[in-house]
1. Looking at (1) farther than 25 Å from residue A:28 by Cα; (2) surrounded by fewer than 18 Cβ atoms within 10 Å (Cβ to Cβ); (3) within 14 Å of the chain's Cα centre (by Cα), can you tell me which one residue B:45 breaks?
2. Checking residue B:17 against (1) assigned to a loop (DSSP other than H, G, I, E, B); (2) under 13 Å from the mean Cα position of the chain (by Cα); (3) loosely packed, with under 15 Cβ neighbours inside 10 Å, which test does it fail?
3. Check B:59, B:34 and return the single one that is assigned to a loop (DSSP other than H, G, I, E, B) and more than 17 Å from residue A:107 (Cα to Cα).
4. Residue B:25 is checked against (1) under 30 Å from residue A:91 (Cβ atoms); (2) at the interface with chain A (Cβ under 7 Å from one of its Cβ atoms); (3) in a strand (DSSP E or B) and fails just one. What number does that condition carry?
5. Can you tell me which of (1) crowded, with 19+ Cβ neighbours inside 10 Å; (2) under 17 Å from the mean Cα position of the chain (by Cα); (3) more than 7 Å from chain A (Cβ to nearest Cβ); (4) modelled with pLDDT of 95 or more is the one residue B:37 doesn't meet?
6. Any residue that is crowded, with 21+ Cβ neighbours inside 10 Å, touching a helix residue (DSSP H, G or I) at 6+ places or on another chain (Cβ under 8 Å) and part of a strand (DSSP E or B) - is there at least one of those in region B:69-79?
7. Would you say residue A:141 is at pLDDT below 95, closer than 23 Å to residue B:8 by Cβ and either part of a strand (DSSP E or B) or at the interface with chain B (Cβ under 10 Å from one of its Cβ atoms) (or both)?
8. Taking the criterion of being modelled with pLDDT of 95 or more and over 23 Å from residue B:15 (Cβ atoms), would at least one residue in region A:62-84 satisfy it?
C-alpha cells in the first residue's frame with residue numbers, strides 16, 4: 001500500500017475579531033479501511049479555449065477512469081483541480097460540474113479538493129467562462 | 001475587506017515510482033474583483049445521525065448572486081468505517097470517511113424557477129447523509145452574503 005496525505009490550512013487574521021485558523025491532514029485510504037490508496041492518474045495539465053463543457057475526468061466504462069467496476073458501489077476517489085490562470089479582474093473562471101450539476105467556480109489561482117464517488121456517467125466536467133486559454137492541473141487518487 | 005487564505009499540500013513518497021509533492025495557496029476573493037477578499041464566514045460543528053439526508057448548507061438567493069463562495073467540510077470521526085455522503089441537487093459528489101476533508105467552490109447555481117422553499121430555484125443545498133454511525137462534522141463557508149430569513153413570531 002501507499003501513503004498519500006492531503007493537508008488543508010485555512011487562515012485569516014481579520015475575517016473575525018480573533019485570528020481564525022484550521023488545519024487538517026487526511027491520509028487517503030480505500031473505502032472503510034486504513035489501507036492506503038494505490039492508484040492515481042498522475043498530475044495532468046490541460047489548456048483549453050473551449051467555452052462548452054469539457055470532460056476532465058471520464059468515469060464511463062469505456063475510455064475513462066472507471067472508479068467502480070460496479071457503479072453502485074461506494075468508492076473513494078479524491079480529486080484535486082487547480083486553475084493556473086492569473087486571476088485578472090476576477091471575471092474569468094471555469095465552472096466545475098459533476099455530470100450536469102454545477103458545483104462552483106474556480107477563478108484564476110483557485111483550487112479544490114473533493115471526494116468523488118465516480119460511477120458510470122458521473123464525469124467531472126469544466127466549462128470555461130471565456131475563450132481565453134484556460135490552463136488547469138488535476139490529479140485523481142482512487143482505489 | 002478581509003484576507004483569508006487556503007493552503008493545500010498533497011504528497012506521497014510511494015504511490016508512484018517517483019515522489020509526488022504539490023502545494024498551493026489561494027486567497028479567497030469576491031466574484032468580479034481583482035483583490036477584494038470575502039468578509040463573511042460561518043463555522044459549524046454538528047453531529048449527523050444516520051437514516052436520512054439533511055441540509056448542511058442552505059441555498060440562498062444571496063449566495064447565487066455572489067457566486068464566489070467556498071466550502072470546507074471535515075469528518076471528525078475516527079472509526080474508518082464511518083462516513084457521510086455529500087450531495088448538491090440530486091448528485092452525490094462523494095463520500096467523506098473518518099478523517100477526510102473537502103474544500104470546494106460553491107456558486108449555488110440557478111437553472112429553474114424559484115419557490116418559497118427553493119430561493120435559488122434549483123434545490124442546490126449542500127446535503128449530507130451519515131452512514132454506519134452518527135458522524136461529527138465540522139464545516140465552514142466563506143462567502144459575501146447569505147439571504148437572512150425574516151423572523152415571524154408564532
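1. (1)
2. Going through (1) assigned to a loop (DSSP other than H, G, I, E, B); (2) under 13 Å from the mean Cα position of the chain (by Cα); (3) loosely packed, with under 15 Cβ neighbours inside 10 Å one by one, residue B:17 breaks only (2).
3. B:59
4. (2)
5. (2)
6. The answer is yes; a qualifying residue exists.
7. Yes: the conditions hold for residue A:141.
8. Yes, region A:62-84 contains a residue that is modelled with pLDDT of 95 or more and over 23 Å from residue B:15 (Cβ atoms).
The values are calculated or read from the model by the stated rules, or taken from the named source; none is laboratory data. Note that the coordinates shown come from a computational prediction; the quantities given were computed from them, not determined experimentally. Cβ sites come from the backbone with ideal geometry, for glycine too, and all protein chains shown count toward neighbours.
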